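See below for the structure under consideration.
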Amino acid sequence: MAVNPPLYFNDLSVRTALISALFRQVPWSLVAHVVASGVLCILLWGTLPHLPLLLWLAALLALCAARYASFVAFRRSHTSDDNPARWENIGVAFTAAFGLLWALTPWFFLLPENTDTLVLVTVIVMGLGAGASISLAPHVPSCFSFVLPTQLSLIALLVYHGTSLELAIAVLAAYALAANLLNSLSVHRELKTNVRLSHENLSLREEAERKNALLETTLQNMDQGIALSDAEGNLQMWNQRFFELLRAGGAPQRTLAAALGRVNAPLGKAASEVTLDDGDVLQIADNTLANDSHVVTVTDMTQLKKREHDLEQAREVAEQANAAKTRFLAAASHDLRQPIHALGLFFESLTERIPDDPATRPIIDKINDSVEAIDTMLNALLDISKLDAGIVRPSFTRIALGTLLKRLDAEFQPLAAGSGLSLTIRARDLYVRSDELMLERMLRNLITNALRYTPSGGRVLLGVRTRGSCARIEIHDTGIGIPGSQLDEIFLEFHQLGNPERDRRQGLGLGLAIVKRMSMLLDQPVRVRSRLGHGSVFAIDVPLAALAHAEPDEPAPLAALIGREFSDRRALVLDDDGTILDAMQTLLTGWGMQVCAAGSSEEALAKLHAGEAGQHLPDVMIIDYRLRDNATGIEAVETLRERLGRPVPAIFITGDTAPDRLRQAQASGYPLLHKPVRPARLRAALRQLLKTDAA
């Protein structure tokens, strides 16, 4: 609640107060006028003609009556504070009238040859001037309008007569006039200062009362209990909530120890929690001030603790659900990869045996497209699992960004042209520091996304600009845009805009999820801004690398090598899935290898010692990572090497996507392929492994 600042005083309030002080002097000044005029008339009655005296006295009394009437009107007025100028003018007019009337007195009633009249008139006039300088001091114009005419008139008359006595009296009167006026100004300043201070004190007192009332209202309406005690522990101030929370609302205690003793709360601790018998939880904080007094607050934490408990339970449920989801996806992925892996192997073997027939080629191509689509989806899921498992570690190197972007430009220009889009990639000769494979994957996913969601005839632009120590790579498109409410959701798995039918041709909804995870792993944030119907901008900030001594770009590895027959090689295939064993045996036999296929280590050893397939020792082992009875490929390799007596090269093939399994397999150091494995990839891995072994 806002509090208005105090208004200590202002010129209008001071002016009004001084005018009020002026009017409060009216009755006493009227008494002085009546007494002085009566004394003057009585003493001059036998010396001067009666008519002038009576006329002058009548005028004075009439003026006194009018002045008193104005005083009564002022007292009755309710607008005096709002219109002080009116009453100020009335006051000045009356004091001036009295001043002029008394200024005539020396000229009418002072007789130079009569010493008595000289003394009488001089004393009365100077006495009235001295009194008026004090009584009219609250208002300087009123004071001057009375004192100056009366005193100057007397001095002028005395100087006019010119006798030595009158000149002496004139000098004394002038001195008295100056002294009276200076005294009046001094009194006025003092009064004005006192009025200001009085108003200031009144405003401060009113402000303090307002603040005290506000503080009291605030304290009594707080949901938190609060109390103040002195150094001895005696309560000085508290609110009702303090005793309500301490279960002492009906009988408040007078000492802090007695109040806190009801809930066994200790003193001296900055904060402590107390659980009451009814289950409510209170937080009691004791703050010691400089004078050893205590401010104690009591807060009801019951609802907060309940919400924390509910949130903790919800978190545990969510973690359990997430773990269950991970286990389900891992199991489902493994079980799905097994037949698809076998399908790919059988299909490759079948393709090599079927003659190139124009009638069957379209069917073979469509089957191949379907296998590749499934492989793409499973590989994307595998990438997500790898990133979540933490087995992917970035390898930061110095990257020629211009070379990378030119490679992407050559890759995507045909795709953009086929979709009727304009793609512009503006390469810059900059060197950045990142993981080249991850950065390229992120940019490839973002460009693919931009091309996919930009209608035919639109434009996609990739540009680079430097921002401090970073290069910001931006991908602009004129596509459909993203609603503001979904700018965060687009990075979730399987989240797609405008594809409720889950059309596979529009992607799987995993590209941006992979981009987000890689950006977090690289600590190179990806940002997005968009306007619905106008397009989107995705940006990645990549640290710049040093410009000097540019390193030559390493040639990108080939995706597959043209193979040769493995006619002189022997392979041991170990898998707990019979279909995959048949498929692997068919494929490898087609490549000219001698194959020993088994479902376990014991079965493999038995076949090898029996001389099955005309072999005793394999040149390479292809082993499924997860075998029967929860055995792992690592255990199988160690057993087989020990029993065979030499370190036979091995390749693991797995359909697992569980993070712990992936971490174990990655840590083993053996080559790891993920089902479904494309035959070309398997062939390349075998070539590399057998070549290394031969060397």
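The values are calculated or read from the model by the stated rules, or taken from the named source; none is laboratory data. Everything numeric here is computed off the predicted structure, so don't read it as measured data. Cβ atoms come from the backbone with ideal geometry, glycine included; neighbour counts cover every protein chain shown. The accessibility values were calculated without ligands, DNA or RNA, using every heavy atom of the protein model including side chains. Shrake-Rupley method; radii C 1.70, N 1.55, O 1.52, S 1.80 Å.
Quick grid of which residues meet (1) modelled with pLDDT of 80 or more; (2) within 16 Å of Leu689 (Cβ to Cβ); (3) of a type in the set (D, E, K, R); (4) more than 60 Å from the chain's Cα centre (by Cα):
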{"site": "Arg569", "(1), (2), (3), (4)": "yes, yes, yes, yes"}
{"site": "Asp582", "(1), (2), (3), (4)": "yes, no, yes, yes"}
{"site": "Thr586", "(1), (2), (3), (4)": "yes, no, no, yes"}
{"site": "Leu605", "(1), (2), (3), (4)": "yes, no, no, yes"}
{"site": "Ile623", "(1), (2), (3), (4)": "yes, yes, no, no"}
{"site": "Glu638", "(1), (2), (3), (4)": "yes, no, yes, no"}
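Just to be sure, is Ala400 closer than 30 Å to Gln666 by Cα, of a type outside the set (Phe, Trp, Tyr), at pLDDT 85 or above and surrounded by 14 or more Cβ atoms within 10 Å (Cβ to Cβ)? Yes; evaluated as a whole, the condition is true for this residue. In segment 540-555 there is at least one residue matching the filter, namely being at pLDDT 75 or above and touching a Pro at 6+ places or on another chain (Cβ under 8 Å). Among the numbered conditions (1) small (Gly, Ala, Ser); (2) outside any strand (DSSP E or B); (3) in contact (Cβ under 8 Å) with a residue 40 or more places away in the chain, the only one that Ala208 does not meet is (3). Report yes if some residue within segment 46-56 is in contact with a Leu (Cβ under 8 Å, 6 or more places away or on another chain) and exposed (fewer than 14 other Cβ atoms within 10 Å of the Cβ); otherwise report no. Within segment 46-56 (the criterion being in contact with a Leu (Cβ under 8 Å, 6 or more places away or on another chain) and exposed (fewer than 14 other Cβ atoms within 10 Å of the Cβ)), the answer is yes, since at least one residue qualifies. Residues in segment 662-692 that are buried (at least 19 other Cβ atoms within 10 Å of the Cβ), of a type in the set (Lys, Arg) and at pLDDT below 80: how many? Selection size over segment 662-692: 2. Could you pull out the residue among Trp107, Trp102 that is aromatic (Phe, Trp, Tyr), at pLDDT 85 or above, more than 60 Å from the chain's Cα centre (by Cα) and surrounded by fewer than 17 Cβ atoms within 10 Å (Cβ to Cβ)? Among Trp107, Trp102, only Trp107 is aromatic (Phe, Trp, Tyr), at pLDDT 85 or above, more than 60 Å from the chain's Cα centre (by Cα) and surrounded by fewer than 17 Cβ atoms within 10 Å (Cβ to Cβ).
Listed by first and then second residue, the pairs linking a residue in segment 592-611 that is part of a helix (DSSP H, G or I) to a residue that is hydrophobic (A, V, I, L, M, F, W, C) and open to solvent by 20 Å² or more (accessible area, probe 1.4 Å), with Cβ atoms under 9 Å apart and 6 or more places separating them unless they lie on different chains, are Ser601/Ala631; Leu605/Leu644; Lys607/Ala613; Leu608/Leu617; Leu608/Leu644.
The number of residues in segment 137-191 that are of a type outside the set (A, V, I, L, M, F, W, C) and not in a helix (DSSP H, G or I) comes to 4. Filtered by the rule that a residue be among the small types (Gly, Ala, Ser) and touching a His at 6+ places or on another chain (Cβ under 8 Å), segment 133-192 gives a lone residue, Ala137. Going through Val92, Val147, Val119 one at a time, which residue ends up being among the β-branched types (Val, Ile, Thr), more than 60 Å from the chain's Cα centre (by Cα) and open to solvent by 60 Å² or more (accessible area, probe 1.4 Å)? Result: Val119 is the single residue among Val92, Val147, Val119 that is among the β-branched types (Val, Ile, Thr), more than 60 Å from the chain's Cα centre (by Cα) and open to solvent by 60 Å² or more (accessible area, probe 1.4 Å).
Considering only residues that are β-branched (Val, Ile, Thr) and surrounded by fewer than 22 Cβ atoms within 10 Å (Cβ to Cβ), which ones fall in segment 437-454? Within segment 437-454, just Thr448 meets the criteria. Could you tell me which of the residues Leu423, Leu461 is open to solvent by less than 20 Å² (accessible area, probe 1.4 Å) and either modelled with pLDDT of 85 or more or assigned to a helix (DSSP H, G or I) (or both)? After applying the criteria, what remains is Leu423. Applying the criterion of being part of a strand (DSSP E or B) and open to solvent by 70 Å² or more (accessible area, probe 1.4 Å) to the residues of segment 516-531, the residue that is modelled with the lowest pLDDT is Arg531. Restricting Val35, Val39 to residues that are closer than 22 Å to Gly131 by Cα, free of Cβ contacts under 8 Å to residues at least 12 places away in the same chain and in a helix (DSSP H, G or I) narrows the list to Val35.
Residues that are of a type in the set (D, E, K, R), touching a helix residue (DSSP H, G or I) at 6+ places or on another chain (Cβ under 6 Å) and either in a helix (DSSP H, G or I) or over 20 Å from Pro141 (Cα atoms) (or both) do not occur anywhere in segment 99-119. Cβ-Cβ contacts under 8 Å between residues 6 or more apart (or on different chains), taken from a first residue in segment 232-247 that is within 18 Å of Asn212 (Cβ to Cβ) and modelled with pLDDT of 75 or more to a second residue that is assigned to a helix (DSSP H, G or I) and open to solvent by 70 Å² or more (accessible area, probe 1.4 Å), are listed as Asn239/Gln220; Gln240/Gln220.
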